[in-house]
Amino acid sequence: MEPFKPASSRGGPWCVRASTTRALEAQLHEEGLENRWYTAKVLGVPADGVVKVRFDELLAEEGAGKLVQVVPVADVRPEPPDETEEVLKAAWLEALHDGTLCEAYKDDAWWPSIVRKVPSSRRGQATVFVDFQGFESDVNNETGWRNATLSLAEIRPRWVWATGRWAVEHD
């Protein structure tokens, strides 16, 4: 099958090969699943402007395996890198501070989050405290966000896919 080149996906064209080997992330807009990025694989391109994907972690309601859904191209992006030439992961982690925008992995998805507490010395410390944006359950009434202490492996820069390349959203 020929590569699929959507007109735009979060700001720039990119190529999705209709193959189960191409990793990407997709957003859903169904209640309780919105406002986060889920890992998925491309299954096909049934029509212009949409991609059929199989989610890596989400299960179908019928219990018949992984969730398969057709999503708009605007709601998919390539899987973000661990780092880029401009953003080295180790340097990003070292620069963490209260208010750093990040994505945090929880409940099988990457959530937009904000770092709220960073240990004064990261030597021997492998956790940070973050506020998740978009949680509906167990909501902190003051902030409207849910909080968690996560390992450094469970957070990453808040990646933005724009004009065919990755950038980090800054605070």
Peptide ranges 45-52, 68-75, 56-63, 30-37 listed from the most packed, as the mean C-beta count within 10 angstrom indicates: 68-75, 45-52, 30-37, 56-63
Counting only protein heavy atoms and rolling a 1.4 Å probe, one gets per residue an accessible area for region 37-90 in Å² of 54 Å²
Amide H neighbours of VAL51 under 5 Å, at least 5 residues apart or on other chains, H built in the peptide plane: list them. VAL71, VAL73
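The values are calculated or read from the model by the stated rules, or taken from the named source; none is laboratory data. Everything quoted here is computed from the prediction, not taken from an experiment. Counting neighbours? That spans all protein chains shown, and the Cβs are built from the backbone with ideal geometry, glycine included. Quick note on the areas: whole protein, heavy atoms, side chains included, nothing else; ligands and nucleic acids left out. Shrake-Rupley method; radii C 1.70, N 1.55, O 1.52, S 1.80 Å.
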